[in-house]
1. Which three extents, in angstrom, do the Cα atoms of the stretch 136-277 have along their principal axes, listed largest first?
2. Tell me, rounded to the nearest percent, the portion of alpha carbon pairs in the stretch 30-151 spaced more than 21 Å apart.
3. Taking the highest mean first, how do the peptides 40-49, 359-368 order by number of other beta carbon atoms within 10 angstrom per residue?
4. Please compute the alpha carbon radius of gyration of the stretch 128-202, then divide it by the globular-protein estimate 2.2 N^0.38 Å. Two decimals is fine.
5. For the chain, just run the numbers: alpha carbon Rg, then divide by 2.2 N^0.38 Å, N being how many residues it has.
6. Which longest uninterrupted range of the chain lacks any trypsin sites (Lys or Arg not before Pro) assigned by DSSP to a loop state (not H, G, I, E or B) and surrounded by at most 10 other Cβ atoms within 10 Å?
7. Along the charge dipole of the chain, which of A258, H342, G245 sits closest to the positive end, that is, farthest toward it, with unit charges on the beta carbon of Lys, Arg, Asp and Glu (+1, +1, -1, -1)?
8. Would any residue of the stretch 317-331 have its amide N under 13 Å from a label point 7 Å out along Cα→Cβ of R338? List them or say none.
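Each value in this text was obtained by applying a stated rule to the coordinates, not by laboratory testing. Since this is a predicted model, take the numbers as computed values, not measurements. Note that we place each Cβ from the backbone using ideal geometry, even for glycine, and neighbour counts take in every protein chain shown.
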Amino acid sequence: MHRLLSERARQAQPSPTLALTAQAQELRRQGVDVLSFTAGEPDFDTPDFAKTGALEAIHAGYTKYTPTPGILPLREAISEKFERENALRYAPDQIVVSCGAKHSLFGVFMAILNPGDEVIIPTPCWVSYPEQVKLMGATPVFVPADETTDFMPDHDALRRAITKRTKAIVLNTPCNPTGAVFGRRQLKEIASLALTHDLWIVADEIYEHLTYDGYTHESIGALSKEVLNRTITVNGVSKSFAMTGWRIGYLGAPPEVARAVSRLQDQMTSNACTIAQHAALAALQNADSQWYDSVRATFDRRRRLMVDGLNGINGIQCWTPRGAFYVYASVRPLLGRRYKGHALESSADVAEFLLRVVGVATVPGEGFCAPGYLRLSYATSEAIIQAGIERIADAVGKLE
Ligand code: PMP
Ligand code: GLU
């Protein structure tokens, strides 16, 4: 049977974030009392202003194919958004709309990578970057960081990771899973490496609106025209507008890259869902600072609750995230401790133990190329966060 599958398909790993979210949902369906902190999606509903855009599109008969890179009004709105919010100048023909930022990233890697190329990925990193790079026959090269540097990769370590084969560097700010936010100095360092060594910068800015404690998001492509010419900026409506299920992502890129992604998309998906494109257009046209502020304030309260609660548990150390909606908490002090005689040897063991013993679902650090941690999403209610923390404390109290 295996012989009939491609090397690529055999090599592909399932997404652990999606798998664990599904596992928690399935346990709940079976009646198991599970509190889930796995989901990488806002827990509130898509705003009415976006839904109205979709309903109007259906009634107006916008139900057919569109140009592969997306309807022109949406690409114009994205171009304006990039300029207004990010100081990025991408003309509408430099924009490609796709079926989610994940799809955009896939298209980018397909457009820029040859087998044997290398891509630098600072870790901890989101689960899909290394897998997508590997699917292109290219090699992810990891540059690790931890809380001692606020999860910022060391500049010299990044430089040392560059070889003749390096094609791109991935920059995810605000970062999933750590919540790190790259500052101007770090952006400049990365940009200068990209310019000196002729690399693409793949900037995933999907959590741009979620920053806290006075930290703000800056787009690396805004540093200069030269940097912009090397930068592919990926974004989408999933996180900013609670539209994960609508599957709309987009990118801005130098013209030849945008054309290449669009050509590849021609043969894969054609356009992203027409109705969802109209919903995304309405979302971008109607979003105001009040919307972003209220979402940010809600996440901020939950963030504090989560960080304080976890840090109150002996054996868990939680760095205070500055962006996104995850905490990346170290459980290294728990490793080696035992439950009913069985030692917890890895963060995967700790996640398994919490799910089995107290019904708390988390994503272990193994999936983010940085074991020893658990990622907990705080895109859930304060009541659930409170209850989850009590359960985790209870579970840790049972360890020998
Ligand atoms: N990038 C990051 C860092 C993410 O966390 C996600 C989560 N889904 C994505 C990209 C993909 O988002 P989507 O495909 O829903 O637009
Ligand atoms: N990005 C989200 C997460 O990290 C959604 C799941 C996924 O696409 O991996 O949980």
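1. 45, 39, 30
2. Tail of the P(r) past 21 Å holds 64 percent of the pairs.
3. Top of the packing list down: 359-368, 40-49.
4. This ratio for the stretch 128-202 stands at 1.08.
5. 0.98
6. No qualifying site falls inside 165-339, the longest such stretch.
7. About the Cα centre, the residue reaching furthest to the positive side is H342.
8. none
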